[in-house]
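Have a look at the structure below before the remarks.
The values are calculated or read from the model by the stated rules, or taken from the named source; none is laboratory data. As the structure is a computational prediction, the values presented were derived from the model and not from experiment. Please note: Cβ atoms are built from the backbone with ideal geometry, for glycine as well, and neighbour counts cover all protein chains shown. Side chains included, ligands, DNA and RNA excluded: accessible areas come from the protein's heavy atoms. Shrake-Rupley method; radii C 1.70, N 1.55, O 1.52, S 1.80 Å.
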Amino acid sequence: MNCPVCKTSELISTELEPELSALQCSVCNGHWISGRNYWRWLEEHSEDLPERGHEDERLALAEPGKPIDCPECRFRMVKYLVGRGLNFTVDHCHGCKGIWLDRNEWAALKKRNLHDDLNSIFTSFWQTGAEREARKIRMEQRYIARFGDDDYAEIKKIRWWLETKTNREELLAYLTDQDPFDV
């Protein structure tokens, strides 16, 4: 079976976890996990490890972003956002249920204890949350570009402060009035 990203490199048998076999590309270091193997491992693993908070440390990921075809059954694979502070997608085949992980994606998932949640990542509930998170990040980037880092940080503090006040509407009216003393 050839790598779905490199196309010509043959995938080599490896073990991602004890009792979880996968195939790895020696060129791009991606991993193919058959759906059968993942579900069997998940049933035997039988732990839903608590998610860990994300840290600033980053692994070099190889997110090509291009659509790829399943190396097992040739269906076009679907990209699923991981979210939860991880900015990459996981490729999933709807035909054979296999999973393609680009370089270091398994390590990133494992570091956050999300490696046993791949089945959940493929649900609409998870994807809705991941898309909401991605939209928020894009909007924050737009605001930072428009206001600058310092002003955006300050306006966020002001918004938080306003949210804590019972007379929020009066404070906003005062702030937005051209001349609050011209009565």
Which value, in debye to the nearest 20, gives the size of the charge dipole of the chain about its Cα centre, when Lys and Arg are +1 and Asp and Glu are -1 at the Cβ?
-> 660
Among Tyr38, Tyr80, Tyr152, residue whose mean-square fluctuation peaks in a GNM of the chain (springs only between Cα atoms under 10 Å) | Tyr152
Given (i) 22.4, 78; (ii) 17.2, 59; (iii) 28.3, 94, which label gives Rg and Dmax of the Cα atoms in Å as computed from the coordinates?
-> (i)
Fluctuation leader among Arg36, Arg142, Arg103 - the chain, Gaussian network, Cα springs under 10 angstrom | Arg142
Carbon and sulfur atoms account, in whole percent of the 1.4 Å probe accessible area of the chain, for 51
Accessible solvent surface per residue of the chain, calculated while the other protein chains remain in place, 1.4 angstrom probe, Å² | 65
Largest fluctuation, Leu172, Leu114, Leu11 only, Gaussian network model of the chain with Cα springs under 10 angstrom, belongs to Leu172
Interchain or sequence-distant (5+) residues whose placed amide H lies within less than 5 Å of the amide H of Ala22 are Thr14, Glu15, Leu16
Filter on Lys66/Lys136; Lys136/Lys157; Lys66/Lys97 - keep pairs with C-alpha separation over 22 Å = Lys66/Lys136
